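J.: Here's a structure for you.
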There are 2 protein chains.
Amino acid sequence: MSEAISGSMEDYLETVYQIVQEHQVARPKDIGKALGVTGPSVTKALRWLADHGFIHYAPFELVTLTEKGEKAAKQVVRKHEALRDFLVRVLAVEAKEADEAACKLEHALSPDILERFIQYADFVDTCPRNRGKCFERFAWHCNQNQTTSDNCETCVGESLDNVRQKKQKKDDAGTKPALLKNMLPGFKGRIAQLSHRTSIGQRLSEMGIETGAVIEVEKVTGEGDMIQIKIKAYHLSLRKEEAAHIRVNPL
Amino acid sequence: MSEAISGSMEDYLETVYQIVQEHQVARPKDIGKALGVTGPSVTKALRWLADHGFIHYAPFELVTLTEKGEKAAKQVVRKHEALRDFLVRVLAVEAKEADEAACKLEHALSPDILERFIQYADFVDTCPRNRGKCFERFAWHCNQNQTTSDNCETCVGESLDNVRQKKQKKDDAGTKPALLKNMLPGFKGRIAQLSHRTSIGQRLSEMGIETGAVIEVEKVTGEGDMIQIKIKAYHLSLRKEEAAHIRVNPL
DNA sequence: TGACATTATTAGTCGTATTTAATTATATTA
DNA sequence: TAATATAATTAAATACGACTAATAATGTCA
């Protein structure tokens, strides 16, 4: 009675509601088909829903919603429809795609934010200042360039990298241990920590090199894949991935 | 290598990325604290991420992102930020709430629809026709009436009921089996199916009444809780919930 | 270096949601 | 009415994501 309804139980309830709308009564087979699950999953879900007072259910008998179940189902259906509505009317997403997306989103949306979505969709329709004119432009624009995910995937990396570079600089200036991987030629520092289990860690260990040894970066090659260091009497060439396991304190 | 990354693994990856941004290196304890999970959960997640090539990880050693991991993490971070951005700038959701909501939503959003969200947020900022004027109105409106979820919960039931009524009528007109529960006084039909396990089903069974018997609805009481029927020589009064288990074919 | 506190890992368990395989109930047909 | 087909059930198994308790590794301080 007290446990909260889970996302998947909401799905079952919603499906029962929709099938009851159409056929008066829901049968496990149809529920399973609608949700893409097998019979036993449905049986279990129905028993849970019955135990918690959402449906009338007895083995081999007809399945219908209780008052409580109908109310709960309507809330779920409402969420679903509101989201789909938003996606279609505001974001100009294609109907089928919007429906599928709404299915996944509906369980992750808090009631308050759901209301915002609804209000916004209404607002777009009724705002006296532009009466949809402005938003039609958006829909049109969306349908013109179908590039969607492609044209932004590349630039995002760069923009995030920029943020990172900035932070990097700040850290470099400080005295915090840094990763050898990120150091530039001319850097000089002391090993703060190294991983004995990694290949490079073992190589260094075998040479008797441990925490505290002074290390110098000599060269970083073209694509940034290799880094050449000098340590004690040795000159070593490391892959950046190896260098990711060594922390250094700048001197 | 082939299995898809799950929602929670994305969370771990995102967290590792963010901690690496700040401290060069991520430690299990901090990851756990950031995600609100215990140590062992982190260990398991890290092993999965390492097995699938997202991070460099060996027990007790430093954790850093691989190339693949960094790329994947950036995608996740981008999703998160884009969603939060949308919620804050377009839907005028309060920053902290938006951040939490974005956490939950980000795993349920397809790339294509995510792009729509981003495009729309940009559109709102740059649309030359209103230059934000119109959307400020929405934000203002949201902050005026804090009613959000309350004022709509009631009407939704009604609107859904309307849809249902319409479908109901259509079905009633046809010859499909209907639920006795939904029949009105004067209805005459034949029992199509009944549940022997329910109390009313047993009562009827005991009277020797089975599928095919002719049934007549005499009266439906006030609040619609009871339904009076005539069957063979008997007059019976049923609760609607009982009547939900009997299907009838109209004559 | 040794003892201690901190942190990380392993092993075992729980709850949810699903599956397959085998069983039982109902419906259909000869 | 018996034989068969369809559907629903139970039981046992798998996967995932989290937990607790016990064990092991590491870093620190005297």
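The values are calculated or read from the model by the stated rules, or taken from the named source; none is laboratory data. This one's a predicted model, so the numbers in the text were calculated from it and none came from an experiment. Glycine gets a Cβ as well: all are built from the backbone with ideal geometry, and neighbour counts include every protein chain shown. Just the protein is used for accessible areas: all its heavy atoms, side chains included, with ligands, DNA and RNA removed. Shrake-Rupley method; radii C 1.70, N 1.55, O 1.52, S 1.80 Å.
J.: A:Ala4 label points, 7 Å along Cα→Cβ, one per copy: pairwise distances from this copy to the rest in nm, shortest first?
T.: Label-point distances to the other copies, shortest first: 2.5 nm.
J.: Looking down the axis that turns B into A, which residue of B has the closest beta carbon, and how many Å out?
T.: Looking at chain B's Cβ atoms against the axis toward A, the nearest is B:Ala108, 2.
J.: Right, next: Quick one: Cα centre-to-centre distance for region B:7-65 and region B:210-250, in angstrom?
T.: About 63 Å separates the Cα centre of region B:7-65 from the one of region B:210-250.
J.: With label points built 7 Å along Cα→Cβ from the Cα atoms of B:Lys188 and B:Ser41, find their separation and express it in nm.
T.: 6.5 nm
J.: Okay, next question. Assuming R0 = 30 Å, what is the FRET efficiency of B:Ala58 and B:Ser110, from their Cβ-Cβ distance, to the nearest 0.05?
T.: Result of the calculation: an efficiency of 0.30.
J.: Here's something else I'd like to know. Taking the Cα centre of region B:1-79 as the origin, how large is its charge dipole in debye, to the nearest 20, when only Lys and Arg (+1) and Asp and Glu (-1) carry charge on their Cβ atoms?
T.: The dipole magnitude comes to about 100 debye.
J.: For the interface of chains A and B, what total accessible area is buried with a 1.4 Å probe, rounded to the nearest 100 Å²? Can you show the working numbers first?
T.: Working: alone 16790 and 16770 Å², together 26050 Å².
Separately minus together, A and B give about 7500 Å² buried.
J.: Roughly how crowded by other chains is peptide A:103-112, in terms of the mean Cβ count from those chains within 10 Å of each of its Cβ atoms?
T.: Working: counts 1, 6, 6, 1, 2, 10, 4, 7, 4, 7.
Whole-number average of other-chain Cβ neighbours for A:103-112 is 5.
J.: Out of residues 5 or more away from A:Lys219 or on other chains, whose amide H comes under 5 Å of its own, with H placed 1.01 Å from N in the peptide plane?
T.: When sequence neighbours closer than 5 places are left aside, the close amide H contacts are A:Gln228.
J.: What average count of beta carbons from other chains do you get within 10 Å of the Cβ of residues in A:115-121?
T.: The mean count of partner-chain Cβ atoms within 10 Å per residue comes to 6.
J.: Considering only the label points, 7 Å along Cα→Cβ from Cα, what distances in nm to one decimal separate A:Gly212 from the same position in each other copy, shortest first?
T.: 9.8
J.: Mind listing the long-range amide H neighbours of A:Ala213? Cut-off is under 5 Å, sequence gap 5 or more, other chains count too, H placed in the peptide plane at 1.01 Å from N.
T.: Counting only residues 5 or more places away or on other chains, the set is A:Ile191.
J.: List the residues whose amide H sits under 5 Å from the amide H of B:Ile55, counting only those 5 or more places along or on another chain, with H placed 1.01 Å from N in the peptide plane.
T.: B:Ala50, B:Thr66
J.: Would you work out what percent of the accessible area of region B:7-65, with all protein chains in place, is carbon or sulfur (probe 1.4 Å)?
T.: Values: 1430 of 2630 Å².
Carbon and sulfur atoms account for 54 percent of the accessible area of region B:7-65.
J.: On alpha carbon coordinates alone, what is the Rg over Rh value for region B:36-114, Rh being the Kirkwood radius?
T.: 1.07
J.: Something else: How well do other chains shield peptide A:82-90, expressed as the mean number of their Cβ atoms within 10 Å of each residue Cβ?
T.: So the per-residue partner count for this stretch is 1.
J.: On to the next question. Output ³J(HN,Hα) for region B:109-119: one whole-Hz value per residue in order, computed from phi by the Karplus curve 6.51 cos²θ - 1.76 cosθ + 1.60 with θ = phi - 60°, and x for Gly and Pro.
T.: 10, 6, x, 4, 6, 4, 4, 4, 4, 5, 4
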